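So the structure is just underneath, and the comments pick up after that.
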Amino acid sequence: MTDKSMNMILELLCDAFEHAKIPSSFYEAKKTITKLGLDYQKIHACPNNCMLYWGVEDENRQSCKICNVSRWKPLVKEGDRTSSQQGRKKRNVAAKVVRYFPLKPRLQRLFLSTKTAEDMRWHAMHDKNDGLMRHPKDSQAWKKFDELHTSFASEPRNVRLGLATDGFNPFGNMSASYSIWPIILIPYNTPPWLCMKSTPFIISTIIPGKRMPGNDIDVFLQPLIKELKELWQDGVDTYDAFAREMFKLHAALMWTISDFPGLGNLSGWNTYTGLACPSCKFDFEPCRLYHSKKWCFMGHRRFLDQRHRFRSNKVRFNGQQDLRNPPRLLSGCEILEQVKNINVQFGRTPEVSGRRKRGCASDRDADGNTQQWKKKSIFFELSYWRHNLLRHNLDLMHIEKNVCDNIIFTLLNDASKSKDHMNARKDLKRMGCKHDLWPDENGKYPLAIYTMTDKGKKMFLTTLRNIRVPDGYASNISRCIDVDSTRLNGTLKSHDCHILIEQLLPLATRVAMPNNVSTILIELCSFFKQLCDNVLNVANLDILQRGVVLLLCHMEMLFPPSFFTVMVHLIIHLVEEAKLGGPVHYRWMYPIERYLGQLKSYVRNRARPEGSIAQGYIMQEILTFCSRYIDDIETRWNRSGRVDDVPNDAQAKSRVDELFPRVGKPIGASSYFNLTSMERLQAHRHVLTNCPLVECYIQEFRRDVKRKLRRTTRSEAEIDKRVHREFVDWFSKRIPLDIENVRESDKNIMFSLAKGPIYEARRFNAYNVNGFKFRTLDRDNNLKTQNNGVFGTFDTRSYSSSRDGQMICGGVPYYGKLVDIIEINYNGLFTVPLFKCQWADTTTHRGHKKDKLGFTQINFSKLIHTGEKEDDEPYIKASEGQMVFYVDDEKEKGWSIPVHVKPRDLYDMGEDIMTTTDLFPSQNLDHILVDDTVALQLSRPAIDDDIPNLIANHNEDEDLDI
């Protein structure tokens, strides 16, 4: 909204409420609210990033003490001044301004509200030693920090911080080259449902553009490091509104979060060489691909058990054995010993004509050799930093993005982005491995088994194009897919790749790739899916690590060396980092990237983007703080989630509420209609048989039926059928006779249940429940999303039809599609929302089966419990429904694969509600490539639907990034 529109609104309010004290303009309103906020400091910086004009010695300098460049922008000459500038006094304008937001007052303000003060001690008040990691407090790094610094750990209100940074373009048009780098601090004391929200984020520094700071970022971190040292050593007196007392507040920095180049800038490790891995460091053998002009990162056999057969296998790898031990993770003290004598002069040199290449200038020492340590990180000035187990996090978001791109474009054999090209095949020949993939004398090479045929590409892309996911689950990926040209158009976003690699890629590759290739890719996707779970089982992480090592070894046998960029190699270190830092969603860049988008929206003056962001952040900081004292209106603290399933008219706590709790919330308009006798019976029967108050009467009726039946017909199946058909009528007659034996608090409920619901019911098109948004099938037909899939596991005696004599007892999974949402009314005493579904026949192979890779397949061509017969059970209670979405199988028409959806904003805190990750079928990698004595057949013959130019010499010159 523009300033002018805000002025008009304020003028309208002033006219409507004459006696109210309302600001007359938006400017006056901002002046009023600014009094509640905290200020920030403007610190001048050298335009070449050499120094800050900050501190007693440098504050009054007029030029840089390193490069002698003036502190000020060049003054406009008298003849070049505009008419509006004529006569004005010339004023010096700083060439570069860093905006620093003092940390101490912002940490103190966290404890001024009783609500935030209580949240800031959550990590110490909710400690469960059950072997599960739900929060960074459960990680090794957190616990080790507590052991080493007992005085700090003894005060639960002391703040543990994470530091995140990344650059973003503040302008809408990406053609403008400009990069602003905010430094963001994340308090980890808060509970999981607040921790990674933008509300508690604290901006520390805004590093101005237009170029990224790079290795000089330490210059801009000086004010923050100074304040962190003071907070660690001396602390600051703080008032705790929750405890109503003063205490000494201390703070510590746990780790940093950034993308991979940002990790190099913060840590000082060079991420553009053959030793780019920050975990392996110098204990790695760099491999430069001569023809591809890239570094490749293989050699994952060294992480296997010493007696594993792959270590001595020469044929299927690079022609050599690998008997090395895994690299040892260096401690902070060892790293400090390596970098303590590195002296770096910060600041960038003036640009020369031509494009600068990586590995030049500042990346080399005086002898011209590439430096791996570019500096001693400024974080080592913090006395505790060297003892932290985890200092700089690998960002899973960008790793998933790069790995997904590598896989998809290599499988599609994209001419510009595939990792399998002519230069890659020449490198294979030069290395002397994978002989059947070598190019011939004519500059052609055979297609590999991981390269899709034209038919396979169309099946793969059609599967992805036709996938419809629930609301808010992912963006519309089909916008990037062109089936006719068998390629992806545009760029997949990071979250698109996240959804693809964790949910959709296995479903698409299984129809387009050989089983041995699909098996490897399914295991890779399953690894990412397990690692991204909100709750990690410590006991399972070692199993996960052994699995990913074996997986990467199989990938080395399959894909060419050019496939193994450093981002692929970093996969092998993710599990160890999860042990040290806890669940990955506290340490990845997704919330930071979303927050950068919010900061981008603050830019109102394109000539001063940093100032706009600073002012916008101050305003937002004030409103966030004030909203903590408001309870009666919606604020960013109590705002409903995307799926608001809190009932509008929650029933008072009573016996009715205990038996039939009000769950969920209808969405949109409702209508009234009359139930048919059959619909009323089916809905009422499901309510009765799932009510704990009626269970004793069901058992009584079963005994009566069993006693009346002859011995020859007294089977469990026959008893169940009689109970199913006759219990409702028997119950309606039994309760009036037994009312004296019913508890007083239950009499009205039992009467209502015996009488049954009234015929008039309500109907809805959408309903929020269990963290899901359900829509009926008719409502979904015209939408690009799919919210009608229903799954439930019911502990009942189940039959595929009324004629079925074989009983299935226990937890029976059912898959269905939601066709109607109704609410039945029991004489005004209580209501029960029900879902009516089309149920697939999951009790026989005609509606449910598993393919060779273990995926569940569902067929909706033959349904059960359609509601056409009295014995059918088409209804379930809304609270019993879980959401799935269905992916059409392009190989077997009529069949679909269900994908289970996790509810939004539901956190497993060790209580009764447990959410488990729905994993892909486990694949046994040891049995797909069993004969180690012969080389794998990696090439495949060309067939008619292969595009001819795919086997021609691409002869493309690729970019030189790693």
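Summary of computed values
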| quantity | calculated |
| --- | --- |
| Cα centre as origin, Lys/Arg/Asp/Glu Cβ charges: the stretch 570-611 dipole, Debye | 360 debye |
| Charge dipole (the chain, unit charges on Cβ, about Cα centre) - positive-most of Gly910, Trp181, Ala251 | Trp181 |
| Helix-only [θ]222 nm of the chain, DSSP H runs n ≥ 4, -39500 (n - 2.57) each, per residue, nearest 500 | -9000 deg cm²/dmol |
| Computed over the stretch 668-724, the ratio Rg/Rh where both radii use C-alpha atoms and Rh is Kirkwood | 1.17 |
| Solvent-accessible surface (1.4 angstrom probe) belonging to Ile499, in square angstrom, nearest 10 | 10 Å² |
| Highest average packing first - 744-754, 635-645, Cβ atoms within 10 Å | 744-754, 635-645 |
| Contact order normalised by residue count of the chain, Cα under 8 Å, 6+ apart, percent | 13 percent |
| Antiparallel bridge percentage (DSSP; both residues within the chain; nearest 5) | 95 percent |
| Rounded to 10°, Cα long-axis angle of helix 538-558 versus longest principal axis of the chain | 70 degrees |
| Extension gain (nm, one decimal) between Thr866 and Glu695, 0.36 nm per residue minus Cα-Cα | 59.0 nm |
| Crossing angle, helix 695-708 versus the chain [Cα axis fit, 0-90 degrees, rounded to tens] | 40 degrees |
| Lys, Arg +1 and Asp, Glu -1 on Cβ, resulting dipole of the chain about Cα centre, debye, nearest 20 | 1640 debye |
| Pairs beyond 27 Å (Cα-Cα), from Lys143/Lys374; Lys143/Lys401; Lys197/Lys401; Lys493/Lys600; Lys226/Lys248 | Lys143/Lys374; Lys143/Lys401 |
| Once the Cα gyration tensor of the stretch 137-266 is diagonalised, semi-axes √(5λ) in Å | 31, 16, 15 |
| Over 26 Å (Cα to Cα) - which of Lys706/Lys862; Lys529/Lys579; Lys817/Lys902 fall in this group | Lys706/Lys862 |
| Accessible solvent surface per residue of the chain, calculated while the other protein chains remain in place, 1.4 angstrom probe, Å² | 47 Å² |
| Rule-of-thumb Rg ratio for the chain [Cα; 2.2 N^0.38 Å; N residues] | 1.09 |
| Cα-centre dipole for the stretch 608-718 with unit charges at Cβ (Lys and Arg positive, Asp and Glu negative), debye to 20 | 960 debye |
| Inter-label distance, nm, simple model (7 Å from Cα along the C-beta direction), His291/Glu381 | 5.1 nm |
| Column: log10 I(q)/I(0), Debye, Cα scatterers of the stretch 471-588, q = 0.09, 0.10 Å⁻¹ | -0.29, -0.36 |
| Ranked order, Asp305, Asp15 - accessible area, probe 1.4 Å, largest first | Asp15, Asp305 |
| Area accessible to solvent at His250, 1.4 Å probe radius, in Å² | 40 Å² |
| Residue pairs, from the table Lys721/Lys852; Lys419/Lys891; Lys210/Lys375, whose Cα atoms sit over 30 Å apart | Lys721/Lys852 |
| Efficiency of FRET from Cβ geometry, Asn92 and Glu28, R₀ 35 Å, rounded to 0.05 | 0.70 |
| Charge dipole (the chain, unit charges on Cβ, about Cα centre) - positive-most of Val568, Leu221, Phe460 | Leu221 |
| Carbon + sulfur, % of accessible area of the chain - ligands and nucleic acids excluded, 1.4 Å | 49 percent |
| Phe247 accessible area, assembled protein chains, probe 1.4 Å, Å² | 20 Å² |
| C-alpha long axis of helix 217-233 to longest principal axis of the chain, angle in ° | 70 degrees |
| Listed residue (Pro23, Ala761, Thr689) projecting farthest to the positive dipole end of the chain, Cβ model | Pro23 |
| Under 19 Å from Lys665, Cα to Cα: aspartates and glutamates that are on another chain or at least 8 residues apart | Asp471, Glu634, Asp644, Asp645, Asp649, Asp657, Asp780, Asp820, Glu823, Glu880, Asp905 |
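The values are calculated or read from the model by the stated rules, or taken from the named source; none is laboratory data. Not measured: the values here are computed from a predicted model. A quick note on method: Cβ atoms are made from the backbone with ideal geometry, for glycine too, and the neighbour counts reach across all protein chains shown. Quick note on the areas: whole protein, heavy atoms, side chains included, nothing else; ligands and nucleic acids left out. Shrake-Rupley method; radii C 1.70, N 1.55, O 1.52, S 1.80 Å.
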